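The block underneath contains the structure these notes are about, expressed in structure tokens.
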Amino acid sequence: MSVNYQSDKEAVDGLASAYQKLKSEISKVIIGQDDVVRAVLISLFSNGHSLLVGVPGLAKTLLVSTIAEVLDLDFKRIQFTPDLMPSDITGSEILDESRHFKFNKGPLFANIVLADEINRTPPKTQAALLEAMQERSVTVSGVRHVLPNPFFVLATQNPIEQEGTYPLPEAQLDRFMFNIPLDYPSYEEEIQVVKETTTVKDNNLQHVLSSEEILFYQQLIRKIPIADNVLEYAVSLASKTRPNTDNATAEVNNYIAWGAGPRASQFLVLGAKTFAAIHGKYSPDQEDVKAVANYVLRHRIVRNYKAEAEGVTEENVIAKLL
């Protein structure tokens, strides 16, 4: 596929076509989970990171490795454990044969990094990942090492087992563009999964996009125009989540302790642009903002004790705002 388009409009058509091919290839391995696949690809084209939350056995790792393969990107998986040190993921300096120090790159130096069970590792190691996600670089012994481009972190978290975990601080959660929940497959999908995985089957996946093409599309997303009223809708949606402010709703004042920051507004706009583009639209509308709102806001608002006592979830509050 070439990225030599005559116009941005033609390039958006190319992105929509590439997205359909990606979906088709991924579906050879991943059955169902259409919303999850779409959300991960939207965050990738928006140049953002994603947090996948789901119980074990829902093919989170398989999904990420499949996406990495069809995108022809370098993929590394890090299993986060309580004894993992920052140098285990960033790399460290070693003494070579000629008695000179050289930097030995860690698993963070990949295009797609799967941070498996990210909340199992202590804050010290989480902080090393924080720099990588925000600055796209790591600092070792005072020297800055730039990570490959594109760079995309997909972290997983198990919502059930919270014993011996280190909850992600709000500052780190805010670095994730999307929080994507995974649910159990439907009965029909599970039958299909079992059929496919208990026989011999060779899934010959085709490479759909190269890293250069992904970088091109990431730039294209930022060039997509957005109407002022849609942009204002996205910003007002984020600002409504902040309790005791001018835009806050009664529901938010009642149940929310902390609301979403400006990064939520940025990701709502980028997510809406990408959502529109992959569906062949040349500019997003309010419906596109609504389509990504749950993914952007659910991990950026903090419920108070009253909400927990009454069983009011983040999704309930967001639904009222929409």
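Points to keep in mind about this one:
- The single residue among 28, 60, 23 that is assigned by TED's automatic domain parsing to the domain that holds residue 158 and under 26 Å from residue 127 (Cα atoms) turns out to be 60.
- Top-ranked residue of the range 88-106 - restricted to ones that are in contact with a Ser or Thr (Cβ under 9 Å, 6 or more places away or on another chain) and not aromatic (Phe, Trp, Tyr), ranked as surrounded by the most Cβ atoms within 10 Å (Cβ to Cβ): 90
- Flag set for residue 245, criterion: over 27 Å from residue 159 (Cα atoms) and among the β-branched types (Val, Ile, Thr).
- Residues satisfying the stated conditions in the range 310-322, i.e. surrounded by 17 or more Cβ atoms within 10 Å (Cβ to Cβ) and either polar (S, T, N, Q) or under 23 Å from residue 50 (Cβ atoms) (or both): 314, 317, 318, 321
- Condition met for residue 177 (under 20 Å from residue 41 (Cα atoms), among the aliphatic types (A, V, I, L, M) and in a helix (DSSP H, G or I)): no
- Positions within the range 125-147 being of a type outside the set (A, V, I, L, M) and under 17 Å from the mean Cα position of the chain (by Cα), in sequence order: 126, 131, 134, 135, 136
- Spans of strands (runs of 3 or more DSSP E) in the range 17-102 with at least 3 residues at pLDDT 85 or above: 49-53, 75-79
- From the options 313, 274, residue that is under 30 Å from residue 13 (Cβ atoms), of a type in the set (Ser, Thr, Tyr) and within 22 Å of the chain's Cα centre (by Cα): 274
- Restricting the range 120-150 to residues that are under 14 Å from residue 106 (Cα atoms) and of a type in the set (A, V, I, L, M, F, W, C), the residue that is surrounded by the most Cβ atoms within 10 Å (Cβ to Cβ): 129
- If you go through the range 287-320 and keep only what is assigned to a helix (DSSP H, G or I) and either touching a Pro at 6+ places or on another chain (Cβ under 6 Å) or among the aliphatic types (A, V, I, L, M) (or both), you end up with 289, 291, 292, 293, 296, 297, 307, 309, 317, 318, 319.
- Remark: pairs (first residue in the range 219-230, surrounded by 10 or more Cβ atoms within 10 Å (Cβ to Cβ); second residue among the β-branched types (Val, Ile, Thr) and assigned to a helix (DSSP H, G or I); Cβ separation under 6 Å; 6+ apart in sequence or on different chains) = 221/274.
- Selection status of residue 68, assigned by TED's automatic domain parsing to the domain that holds residue 17, out of contact with any His (no Cβ under 8 Å at 6 or more places or on another chain) and buried (at least 22 other Cβ atoms within 10 Å of the Cβ): no
- Hey, residue 286 free of Cβ contacts under 8 Å to residues at least 12 places away in the same chain and under 28 Å from residue 9 (Cα atoms) or not: no
This table checks each residue for (1) free of Cβ contacts under 8 Å to residues at least 40 places away in the same chain; (2) surrounded by fewer than 13 Cβ atoms within 10 Å (Cβ to Cβ); (3) of a type outside the set (Gly, Ala, Ser).
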| site | (1), (2), (3) |
| --- | --- |
| 207 | no, yes, yes |
| 242 | yes, no, yes |
| 248 | yes, no, no |
| 254 | no, no, yes |
| 261 | no, no, no |
| 278 | no, no, yes |
| 292 | no, no, yes |
| 298 | no, no, yes |
| 308 | yes, yes, yes |
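- Filtered residue count, the range 123-152, keeping only those that are more than 20 Å from residue 50 (Cβ to Cβ), touching an Asp or Glu at 6+ places or on another chain (Cβ under 9 Å) and part of a helix (DSSP H, G or I): 0
- Criterion: touching a helix residue (DSSP H, G or I) at 6+ places or on another chain (Cβ under 8 Å) and of a type in the set (Gly, Ala, Ser) - qualifying residue of 250, 309, 238: 238
The values are calculated or read from the model by the stated rules, or taken from the named source; none is laboratory data. In this text, all values refer to a predicted model and were calculated from it rather than measured experimentally. Don't worry about glycine lacking a Cβ; one is built from the backbone with ideal geometry, like all the others, and counts go over all protein chains shown.
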